[in-house]
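Since every read-out is calculated from the coordinates, none of them should be taken as a lab result. Quick caveat, the model's predicted, so the values are computed rather than measured. Here Cβ is always computed from backbone atoms with ideal geometry, including for glycine, and neighbour counts include all displayed protein chains.
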Amino acid sequence: MGSTVQARLDEETVAALDILRGRGLSTSEAIRKAIHLAAKASGANKPIEIIGLGKYDFGVSDLSTNKKYLAGLGRSSMPGGKPLRKPKRT
């Protein structure tokens, strides 16, 4: 079986537990059900969602590696478009 849990309960929780025991549930069953409901409500089994991941499927896939897209990169946006530094010759 699983592990043993010990908890201190306030009067309100004891009263709720007594109601559940009056309906035929054992203390262990009531606590197990409450834990399962709390885990389900918090989305414990839900996979982590990264915002924006996979939602944008457009544009150029090789933008950072294809040299034709890199032409002019690093040029000044000022009139005349002079390069900020001399490009390397390869």
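Hey, fewest Cβ within 10 Å first, where do Ser3, Ser61 land in order? Intermediate results must be reported in sequence, preceding the final value.
Working: Ser3 4, Ser61 9.
Lowest to highest Cβ neighbour count: Ser3, Ser61.
What does the extension gain come out to for Thr4 and His36, with contour length at 0.36 nm per residue minus their alpha carbon separation? Each step should come with its number before you reach the end.
Details: separation 32, 0.36 × 32 = 11.52 nm, distance 1.59 nm.
In short, 9.9 nm is gained.
Read phi for every residue in the range 2-17 and hand back ³J(HN,Hα) as whole Hz from Karplus 6.51 cos²θ - 1.76 cosθ + 1.60, θ = phi - 60°, with x for Gly and Pro.
x, 9, 9, 10, 10, 9, 9, 10, 7, 4, 5, 5, 4, 5, 5, 5
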